[in-house]
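Accompanying notes for the structure given below.
What follows draws every value from the coordinates through simple rules; no lab data is involved. Computed from a predicted structure; not experimentally measured. As a convention, Cβ positions derive from the backbone with ideal geometry for all residues, glycine included, and neighbour counts pool all protein chains shown.
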Amino acid sequence: MEKKDHIISILVYNKPDVLARIAGTLGGKGYNIDSLCVNTTTQNDISKIVMTTIGSQATINRIVNELQKLVDVISADDLTNVESIHREMVLVRLNLTPANTEAVRKAIDANRWKVIVSGDTFAMIEITGDKTQIDFALARMEPLGVTDITRTGLVALKLDD
C-alpha cells in the first residue's frame, strides 16, 4: 500500500491533558505525528488540532478510528482528499555578509517573502505557503546563509462544511 502525507483535523473539548492523551494514544500504537498545530476555535471550549502523519489509507483510517474513541474528541477527519486549504508559516534567520546580501534581497523580492526584521548582519524572513512552497523556499535559502528556522506546522480548513 502506498504511504503518503495525510492531514487530520480533530475537534476536541478544550481541557487539560487532551493533547497528551491523543499523542499518547497514537504513540502507544506506533503512529508518528509529523506536525501538530493546536488552537481554540470560535468557541473557547473547543479546540482544533491539525496534525500531519505519513501512512497508507488503511493506517490513516485506523488512526481516525482510534481518535474517535477518545472521550474528549468531538470529531476526527482526514482532510487529505477533501477540498481544503493548507498553509504553513516558517520564520528564517539569515546571516548577511557582503557576499550574500544582494542575493538575499533579490530572493526576497522575487519570491515576495516578508522581512520581519533586519540589521547589518542578519535578516529574519517570514514565508507562508503550502508544504511544497515552504520546502522550495527553504531549499532556495539554504545556500544564502540560513542560521535558524522554525515552522508552525500545517494548518488546514475545509472549503465547505
Subject >> Virtual spin-label span in nm between R93 and R140, 7 Å along Cα→Cβ >> reply: 2.3
Original post:
Where does the longest stretch of the chain lie that holds no GluC sites (Glu not before Pro) found in a DSSP loop with 16 or fewer other Cβ atoms within 10 Å?
Top reply: 3-82
**OP:** Find the centroid of the Cα atoms in segment 119-161 and in segment 13-31, then give the distance between the two in whole Å.
**Re:** 27
**OP:** For every helix of n ≥ 4 consecutive DSSP H residues, a contribution of -39,500 (n - 2.57) applies; sum these over the chain, divide by its total residues, and give [θ] at 222 nm rounded to the nearest 500 deg cm²/dmol.
**Re:** -9000 deg cm²/dmol
Original post:
Using +1 on the beta carbon of Lys and Arg, -1 on that of Asp and Glu, and nothing else charged, what's the dipole of the chain about the Cα centre, debye to 20?
Top reply: 180
Original post:
Counting alpha carbon pairs within less than 8 Å and at least 6 residues apart, what relative contact order, in whole percent, applies to segment 1-142?
Top reply: 24
Original post:
With the dipole of the chain worked out from charges on the C-beta (+1 for Lys and Arg, -1 for Asp and Glu) around the Cα centre, which of S35, I49, T128 lies farthest toward the positive end?
Top reply: S35
**OP:** For helix 131-141, report the angle its Cα long axis makes with the longest principal axis of the Cα atoms of the chain; keep it between 0 and 90° and round to the nearest 10°.
**Re:** 30
Original post:
Amide H to amide H under 5 Å from S84: which residues, 5+ apart in sequence or cross-chain, H placed 1.01 Å off N in plane?
Top reply: L159
Subject >> For the chain, the fraction of alpha-carbon pairs in successive 10 Å shells from zero, as % >> reply: 10, 34, 26, 19, 10, 1
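I'd like the FRET efficiency for K29 and D160, computed as 1/(1 + (r/R0)^6) with the beta carbon distance as r and R0 of 45 Å, rounded to 0.05.
It comes out at approximately 0.90.
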**OP:** Name the most mobile residue of K48, K131, K69, meaning the one with the largest mean-square fluctuation, in a Gaussian network model of the chain with Cα contacts below 10 Å.
**Re:** K69
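Return the FRET efficiency for the residue pair R151, V71: r is the Cβ-Cβ distance, R0 is 22 Å, and the value is rounded to the nearest 0.05.
0.10
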**OP:** Lys and Arg at +1, Asp and Glu at -1: add these up for the other residues within a Cβ distance under 13 Å of L91 and post the number.
**Re:** 0
Original post:
For segment 85-158, what is the charge dipole size about the Cα centre, in debye to the nearest 20, if Lys and Arg each add +1 at the Cβ and Asp and Glu each add -1 at the Cβ?
Top reply: 260
Original post:
Which links in K15/K69; K3/K29; K3/K114; K48/K69 stretch past 27 Å when you go from one Cα to the other?
Top reply: K3/K114
**OP:** Taking only the C-alpha atoms, wrap a convex hull around segment 85-158 and report its volume per residue in Å³ as a whole number.
**Re:** 76
